[in-house]
Amino acid sequence: MTQETALLSKTPVPGEEHAPSRKVFVKTYGCQMNVYDSDRMSDALSRDGYVSTDVLEEADFVLLNTCHIREKAAEKVYSELGRLRELKKEKAREGREMVIGVAGCVAQAEGDEILRRAPAVDLVIGPQTYHRLPEALKRARDGERVVESDYAIEDKFEHLPAPDKAKTRARGVTAFLTVQEGCDKFCTFCVVPYTRGSEVSRPVAQIVAEAEKLVEGGVREITLLGQNVNAWHGAGPDGRDWGLGDLLVRLAEIEGLKRLRYTTSHPRDMDDGLIEAHRSMTKLMPYLHLPVQSGSDRILKAMNRRHTAAEYLTLIDRIRAAQPDLALSGDFIVGFPGETDEDFEDTMRLVEAVGYAQAFSFKYSSRPGTPGAELKDQVPEDVKAKRLERLQTLLMKQQREFAQACIGREIDLLLEKPGRMPGQLVGRSPWLQPVNVDAKTSQIGDIIKVRIIKAGSNSLFAEMIA
Ligand code: 5AD
Ligand code: SF4
């Protein structure tokens, strides 16, 4: 338990002055948007006196915030629910309550089906209706089995409380801020357009207000989040339709905010304004996660990515011309239905041509309800496994080369938290690698000048420059 929650648990709950506060345990699966949502849900529940705990056994409410992107992710949820069922029975024998809730993309995709498959679940809530969680939880505690998975019309962000200063402080000097949700791209392998709905951008004023609150709470670096974050747009105070580049420029005006990042982007939405932001903004970190998925035009077409490999490479050239120091990251899928050896070689060639600083790669996983699941020519598992191994070997080699090339460079480092070794702090390089350096705990939140002296397998080591 953190110091903050320990203090909070002694605070009387308004209207329930003599009742001990209830505890919520939230387990988050999947992407950073789920991390952000989990915090927002905890904040909403804290209004009803719920205190966060990281000890499962002491929780009165266990909430799994789930991911549906690949089969494995969804299956993990059901095996966790099996374990929770036993714990719930044990607690019931001791006369203690344990409400079990499922949120996130599995909740949205499977709805009622979860109640059938997992009898211990009391509450299912989809990502568009999180602002209704406190009320849904009350109903669940009254014995109802609740499913909330509509696409709510009201803006959930309007109704979810922003974190207060104390909570923000406890969460550290870097923060996520969701600015966009949903996806209209309909890549044929992907469940996101079905689980997160169509693209919605939050208004400028709402985002600026939330960013200002985060900075007041000590945050120095904000990562803007969205399934298609670079599709974000909104009416600017100057009457123009702003793109993400304009929003970044506006956020950079907030005093005390030192660094900005954003993720995840689609190549089709990388507009001139955003590329210009990479050229001109010192607060915008030189890092870009720009998934391409495949290097084969045939497969890109079948995936409905709506660009070719050559167009992606040209785009990378333009962005690198604007920001030569850029680190690129990407996502790849191997074994999409119909992918031949030659298609896969095209992916390898594209990776060679780009040179990634970091990347995520996956075996294609057939998802019910997506067009890809209907395609013939599914690639055998052993072929997918072999291709993935070759691709990951190449990507790891590029990651190591990128890290090696950092040795000797002098960078500004935002000190985030204690490192693994006593006397060490860790922060992120401009290119998102963890960097360890000898420093005092009191320096957390400072930006210091360091020289990178060593590259480990997943992190860098640096020394302070006097
Ligand atoms: N199978 C494998 N990987 C997938 N991704 C999305 N859907 C699937 C799927 N059905 C990957 C893509 C995406 C990342 C978030 O997850 O690479 O960019
Ligand atoms: Fe999924 Fe494609 Fe939308 Fe990304 S752009 S969320 S991969 S459908």
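Every read-out reported here was derived from the displayed coordinates using simple, explicitly stated rules and does not represent laboratory data. As the structure is a prediction and not an experimental result, all values here were calculated from the model. Reconstructed Cβ throughout: ideal geometry from the backbone, glycine too, with neighbour counts over all protein chains shown.
General remarks:
- Taking every alpha-carbon pair under 8 Å whose residues sit at least 6 apart, the chain reaches a relative contact order of 9 percent.
- The slack between residue 463 and residue 47, meaning 0.36 nm per residue of separation minus the straight C-alpha distance, is 145.4 nm.
- Separation of the range 76-99 and the range 311-329, taken as the distance between their Cα centroids, equals 50 angstrom.
- Expressed to the nearest 5 percent, the antiparallel share of DSSP beta bridges inside the range 162-285 is 30 percent.
- By the beta carbon rule, with partners counted only under 4.7 Å, the chain holds these lone Cys residues: 31, 67, 105, 183, 406.
- The per residue volume of the convex hull around the alpha-carbon atoms of the range 410-464 is 66 Å³.
- Residue-wise HN-Hα coupling along the range 161-173, computed from phi with Karplus coefficients 6.51, -1.76, 1.60 (Hz; x: Gly, Pro): x, 6, x, 7, 4, 4, 5, 4, 4, 5, 7, x, 8
- Set of aspartates and glutamates near residue 397 by C-alpha distance (under 14 Å), chain-local residues within fewer than 8 positions excluded: 352, 389
- For a paramagnetic label modelled on residue 451 (point 7 Å from Cα along Cα→Cβ), amide N atoms under 13 Å away belong, within the range 405-433, to 407-411.
- With each label modelled as a point 7 angstrom along the Cα→C-beta vector, the residue 282-residue 155 pair spans 3.4 nm.
- Packing here is the average count of other Cβ atoms within 10 Å per residue, and on that basis the peptides 234-243, 50-59, highest first, run 50-59, 234-243.
- Extension reserve of the residue 404-residue 164 stretch, reckoned as 0.36 nm per residue once the Cα distance is removed: 82.3 nm
- Available extension along the chain between residue 113 and residue 378 is 92.7 nm, counting 0.36 nm per residue and deducting the alpha carbon span.
- Sequence ranges 426-432, 383-389, 172-178, ranked by mean other-Cβ count within 10 angstrom, highest first: 426-432, 172-178, 383-389
- Counting DSSP beta bridges with both ends in the chain, the antiparallel % (nearest 5): 35 percent
- Cα gyration tensor shape for the chain, rounded if a/c is under 1.5, else prolate or oblate: oblate
- Candidate lysines - alpha carbon under 25 Å from residue 138, same-chain residues fewer than 8 apart omitted: 10, 23, 27, 88, 89, 91, 156, 167
- Burial order of peptide ranges 295-301, 346-352 (average beta-carbon count within 10 Å, highest first): 295-301, 346-352
- Using only Cα coordinates, the Kirkwood hydrodynamic radius of the range 162-285 works out to 14.9 Å.
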